[in-house]
1. Excluding I81 itself, calculate the net charge of residues whose Cβ lies under 10 Å from the Cβ of I81, where each Lys or Arg counts +1 and each Asp or Glu counts -1.
2. Sticking with the crude label model, points 7 Å out along Cα→Cβ, report the distance from A103 to D82 in nm, one decimal please.
3. Alpha carbon centre of segment 76-94 versus segment 96-153: separation in Å?
4. How much net charge surrounds R43 when only the other residues with a Cβ under 14 Å from the Cβ of R43 are counted, with Lys and Arg +1 and Asp and Glu -1?
5. Say each of A139 and I120 gets a label point 7 Å from the Cα, pointing the same way as Cα to Cβ; how far apart are those two points in nm?
Amino acid sequence: MMRALLILCVLAMPALAAVGNPEDRLRDASQEARAQAIGRDLRCLVCQNQSIEDSDAAVAADLRRIVRERVVAGDDDARIIDFVHDRYGDFVLLRPPVNAATALLWATPVLALLGGILAIRTMRRRAATAPEAAPLTEAERSRLAQLDETPRA
């Protein structure tokens, strides 16, 4: 029983770490929910592939605090995201905008898919146009026959 409780506590730790300190949470549940929704759209600058709500890095905690301060100040969601974006650039957005600077980022999956299709097509063409193997000469056949007749250990 004690072992099961310990396992449950260990499994719950990541969820508790993502929330941060309980004193950082807003008292108003609707404001806290709004702050968490905004935080899920902002990337942790250290973890890079986690939102600030999912990260336990100090920078993410600072960004969570900034978001909550702006929510309490009455800013709307877009203004809060713009506030953070202006300070940290496109990198802080989990869904960066499509522009000249991020075009390659957005095009990479399509380019990879097209590259794979091109590679498969090229391999199939080469296989279709590959010459047939030349038949064995009489000397090669007799040598093969000798090898087949050799006793094995």
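We did not get these values from a lab; they are worked out from the coordinates using the rules stated. On a predicted model such as this, the values are computed, not experimentally measured, just so you know. Backbone-built Cβ (ideal geometry, glycine too); neighbour counts: all protein chains shown.
1. Result for the local shell: -4.
2. 2.6 nm
3. 47 Å
4. After counting each charged neighbour, the total is -1.
5. 4.5 nm
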